[in-house]
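Below you'll find the structure, written out as structure tokens, and then a few comments.
Nothing in this text is a laboratory measurement; each read-out follows from the coordinates by a stated rule. This one's a predicted model, so the numbers in the text were calculated from it and none came from an experiment. Because the Cβ atoms are built from the backbone with ideal geometry, glycine has one as well, and the counts that use them run over all protein chains shown.
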Amino acid sequence: MGSAPPAFLRFEALGKTYDDVTAVSDVSLGIAQGEFVALVGASGSGKSTLLKCINRLVEPTSGRVLLDGEDVLAGPAAPLRRRIGYVFQGIGLFPHMSVGENIALTPRLEGQSLPDARAAELLELVELDPAMASRMPAELSGGQRQRVGVARALAGDSHLLLMDEPFGALDPITRGQLGERVRRLHEELGLTTLMVTHDMAEALLLATRVLVMDAGQIVADETPEALLSGAGGDVAQALVEVPREQARRLAGIGG
């Protein structure tokens, strides 16, 4: 038998400290191409810090991150970031740029233009009317702006998509719809996706693998099915208990 292929994304003894505060402590794990991984944990558990070490918005204090076998610190940060789609809660659209100009930002940073037809295709991917390309962000709803944020993250043809609480500011219906669309895009485009969320129900519904963080460490690494079956330990099960109890209460109301 041959050895297993190397992980597409790997953390090796990764650590990050701020003065005397440890945000991430000795994290080692591999993520295969095509996985949809949710990072879940309480506020301050280290999940956003871990995610940002991948695209060097945070640089680790110790250890390393390997992307396709290469240390992400090996070269300049800008070319690395252009290979990685990034969606965050604050959306971050430039208000003085049209929707089309916002989507074209990553190719423009590489000295390339984004054809109008490609911008239209990206808008259709996130279920927006291509005619919205000429509109300004202020004219869009929060859900529409976040869809544009996803389209912008995909404009660089990256196969790695990072999402940091991407749906946290959205109303529940919009949040659910956009989560489902991102999950379908993950499959359709052959992405590897890492999503930070504080919502365990969202993680269980969207991810193929759930990493639970506590005090800077990965304390559980399980499939949604395993977590729902009681695996992962006390911290993970405390998080799973929240949507489980909500489901029980809703069933009681309906009964």
- Message: Among the complete DSSP H segments of the chain, which ones combine at least 20 Å of alpha-carbon extent along their axis with a mean Kyte-Doolittle hydropathy of -0.5 or more?
- Response: 234-254
- Is it possible to state the helix-based mean residue ellipticity at 222 nm for the chain, with each DSSP H run of 4+ residues giving -39500 (n - 2.57), the sum divided by total residues, to the nearest 500 deg cm²/dmol? What is it? -10500 deg cm²/dmol
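Can you put 253, 54 in order of Cβ neighbours within 10 angstrom, beginning with the fewest?
Numbers: 253 7, 54 22.
Listing 253, 54 from fewest to most nearby Cβ atoms yields 253, 54.
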- Towards the positive end of the charge dipole of the chain, with charges on Cβ (+1 Lys, Arg; -1 Asp, Glu), say which of 89, 230, 194 has the farthest Cα. 89
- Hey, what did the stretch 178-223 get for relative contact order, percent, Cα under 8 Å, at least 6 apart? 23
- Note on the structure: Proxy exposure order for 47, 16 (fewest C-beta within 10 Å first) is 16, 47
- Message: What does the C-alpha gyration tensor say about the overall shape of the stretch 148-206? Classify as rounded when a/c is under 1.5, otherwise prolate if a/b is larger than b/c, or oblate.
- Response: prolate
- When only Cα pairs under 8 Å and 6 or more residues apart are kept, what is the percent relative contact order across the chain? 24
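Treating only the Cβ atoms of Lys and Arg (+1) and Asp and Glu (-1) as charged, compute the dipole magnitude of the stretch 75-147 about its Cα centre; round to the nearest 20 debye.
360
Between beta-carbons, use under 13 Å as the cut-off and find the net charge around residue 190, counting Lys and Arg +1, Asp and Glu -1.
Details: positive: 184; negative: 35, 157, 187, 188.
Charge balance in the 13 Å sphere: -3.
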- Task: Round to a whole angstrom and tell me the spacing of the C-alpha centers of the stretch 17-96 and the stretch 108-162.
- Result: 23
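In debye, nearest 20: dipole of the stretch 34-175 around its Cα centre with unit charges on the Cβ of K, R (+) and D, E (-)?
On the way: 14 positive and 17 negative charges, 72 e Å.
The dipole of the stretch 34-175 has a size of about 340 debye.
Where does each of 214, 129 land when they are ranked from fewest to most other beta-carbon atoms within 10 angstrom?
On the way: 214 21, 129 11.
Result, fewest neighbours first: 129, 214.
Sum up the charges of everything whose Cβ sits under 13 Å from the Cβ of residue 48, counting Lys and Arg as +1 and Asp and Glu as -1, but leave residue 48 out.
+1
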- Query: Tell me, what is the percent relative contact order of the stretch 145-255, built from C-alpha pairs under 8 Å that lie six or more residues apart?
  - Reply: 18
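Roughly how big is the chain's charge dipole about its Cα centre, with Cβ charges of +1 (Lys, Arg) and -1 (Asp, Glu), in debye to the nearest 20? Provide the component values of the computation, followed by the final result.
Values: 23 positive and 33 negative charges, 72 e Å.
Around 340 debye, computed over the chain.
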